[in-house]
Every structure is written in C-alpha cells, then in structure tokens.
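The values are calculated or read from the model by the stated rules, or taken from the named source; none is laboratory data. What you see is a predicted model; the values in this text were computed from it and never measured. A quick note on method: Cβ atoms are made from the backbone with ideal geometry, for glycine too, and the neighbour counts reach across all protein chains shown. Ligands, DNA and RNA are excluded from the accessible area calculation, which covers all protein heavy atoms including side chains. Shrake-Rupley method; radii C 1.70, N 1.55, O 1.52, S 1.80 Å.
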Amino acid sequence: NIVFLISISKYFENKQIEFQYQTIICFLLISIIGVSHGALDHLKGYKLMKIYKVENKSYFYLAYIAVSLIVIFTWMIVPEIVLIIFLMVASYHFGKEDSCVEQNTKSLVYDFLYLFKGSVIITAPLLFHNERTNEIFQILNLDLGFLSSKFLILMIFLSFIANIIITVQSNNGGFLIADWTNIILLNVFLSPLIAFTIYFCFLHSIRHSISLAHELNTKNFKAGLKDFLNKILPLTVFTAIAFIICLFILQKYYSLNDAILKVIFIGLASLTFPHILLEYLIEKNEK
C-alpha cells in the first residue's frame, strides 16, 4: 500500500503539479480524513463527565474549545515555544497511538520509548529534505536549521531502537518495524508535506478510526464502521468548516501556501492538546 501511495504521489510530482495545489490537496485530506479520528472525543468527554458527576454536556464543549483557543492565542504570542512543545507532544502521541501495546505501558521508560518512536515523524523529513522542511518550520516561526545531520541520524536510530524494544514487548511481531520503515520510505521519496499527509491520514488516522469502529461494535465490524461514520460526521464537518474559515482569514495577510501551512499545523496543535488531555484524564480516572 505504501509503495502504491508513493508511486501515485511521485507520478503527480513528475507531472509538475504546482506546489500550491499539492498543499491544497494535503489541506483537504488532513481537514477531512486526518482530524476525523478525534471526532469521537465528545463521547469520551461524556464518559469523563460522568466520572466527575457533571450533567451539563455543554461544559465539555466549552472546555474543549477553551483549551484549543488557549493553544492558538499562546502560539500567536510565543510561537517558537508552543511549536516545540507541540512537536514533542505530537511525537509522544504518534508513538503511543501507533504502538497498540497493552502490557507494561505505565512506566516512565515507556513514555520515553513512545517519544523516541514517534519522533521519526519530525526527524525523517529534516534529514532527507532539510531545506524544504525548514521552509515549512520558518513559515511557522521556528528555525531548526541548527540541527546537524549527525543529530538527526542519532534521533532516527533511537527511534528504531525504541521500535525494536516495543515490538519485543508486544504481540505485533514485525508490524511496528514495518511501520517505521514505511515512514522512512515516505520521507525519502516524497516531499515533507505529502509524506506527513499520507502518514497522518492513511496510517495514523485510519488505523485509529478502525480501532474505534471495532470498539463501537466488537461483533460486527461493518455495523461498527457505519456507526462510527455517523457519529464522527458532525464534528468532522464542523472542524473542516472551521479550518476553511481560518484559511480565508489568514489568506488576507499571507500567501495561500503560507496560510494553508499555518492552518494545518496550528489547527492540528489546537486539536491535539485537548485530545491528549482528554485521553490522559480518562486513563488517569480508569486507573
């Protein structure tokens, strides 16, 4: 599947489709497919509210939106700090969510393993397409040009080692190693934004969505998938519309390409922080 996606992407790149249109396609995929795996957060929020004995469901939406707005406003004030924190949090999130390991996952050691495992999402594009990746970070007001290739290679090696350790402790066999290899291949052959979009939409999000569909109906996956699609539709549409509105606003001050990149990554940050906070609170209370 990854080879097929790489082949299709390279075909369009060879057709010299303008970078502007590539970003638009990536924007649409991330806005619809990418963010959809978090569109059941309201159900998790209701579960958390029952634990805290809060009856008014609107409080969840207010709290969720408030955290998102705090992230956005903080980004506007200190973008470098927020982006660095976001990259670390996203690395941990990707590493943990893509591991599917149940045993021995409560220790601090595993938290670092997840962080190193997921860091390949950031370090691989910096190593294989340093200039183009730094252009994206500079648009987001962060310059990572000081990172040496030796440091990036070391981080990728640590990510590989983390994958090995997690694989040994899991029942996934060589699945995680294959996953890590796919991420490397995506970043070797494709531009940073396209590689991230394929990973985020077709490896991370779809995989997580499938697991959520299975949770909704453990006996009938088809029925669970249908139920999942019905439940995610409202928030997915709302998020996509919000992204598009933000794009039109930012386009007045930045080029279309820059505006799209800002909406993608600032938007993902504003959704990732409350999403992970919600997961943490549920996990903490379930203990």
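Condition first: basic (Lys, Arg) and in a helix (DSSP H, G or I). Now tell me which residues in the stretch 220-278 satisfy that.
LYS222, LYS226, LYS231, LYS262
Would you pick out the residues in the stretch 30-69 that are of a type in the set (S, T, N, Q) and without any contact (Cβ under 8 Å) to a residue 60 or more places away in the chain?
Result: ASN56, SER58.
Only one residue in ILE136, ILE153 is among the β-branched types (Val, Ile, Thr), more than 18 Å from LEU268 (Cα to Cα) and in a helix (DSSP H, G or I). Which one?
None of the other options fit; the residue is ILE153.
Of the conditions (1) without any contact (Cβ under 8 Å) to a residue 12 or more places away in the chain; (2) closer than 30 Å to ILE65 by Cβ; (3) surrounded by fewer than 16 Cβ atoms within 10 Å (Cβ to Cβ), ILE206 fails just one. Which one is it?
Failed condition: (1).
For ASN134, are the conditions met, namely being within 26 Å of VAL35 (Cα to Cα) and in contact (Cβ under 8 Å) with a residue 40 or more places away in the chain?
So ASN134 does not fit the description; no.
Going through the stretch 130-146 one residue at a time, which ones are of a type outside the set (Asp, Glu), open to solvent by 40 Å² or more (accessible area, probe 1.4 Å) and at negative phi?
Answer for the stretch 130-146, where residues must be of a type outside the set (Asp, Glu), open to solvent by 40 Å² or more (accessible area, probe 1.4 Å) and at negative phi: ASN130, ARG132, GLN138, GLY145, PHE146.
Just wondering, is there one or more residues in the stretch 223-230 that are within 23 Å of GLU97 (Cα to Cα), without any contact (Cβ under 8 Å) to a residue 60 or more places away in the chain and open to solvent by less than 60 Å² (accessible area, probe 1.4 Å)?
Looking through the stretch 223-230, at least one residue is within 23 Å of GLU97 (Cα to Cα), without any contact (Cβ under 8 Å) to a residue 60 or more places away in the chain and open to solvent by less than 60 Å² (accessible area, probe 1.4 Å).
Select, from PHE238, PHE243, PHE248, the only residue that is open to solvent by less than 20 Å² (accessible area, probe 1.4 Å), farther than 30 Å from LEU158 by Cα, of a type in the set (Phe, Trp, Tyr) and more than 15 Å from the chain's Cα centre (by Cα).
Only one candidate qualifies: PHE243.
Kindly indicate the residue of the stretch 45-57 that is open to solvent by 40 Å² or more (accessible area, probe 1.4 Å) and within 26 Å of the chain's Cα centre (by Cα) and also farthest from PHE243 (Cα to Cα) among those meeting that condition.
Here the answer is LYS47.
On the basis of being in a helix (DSSP H, G or I) and open to solvent by less than 40 Å² (accessible area, probe 1.4 Å), does TYR61 make the cut?
no
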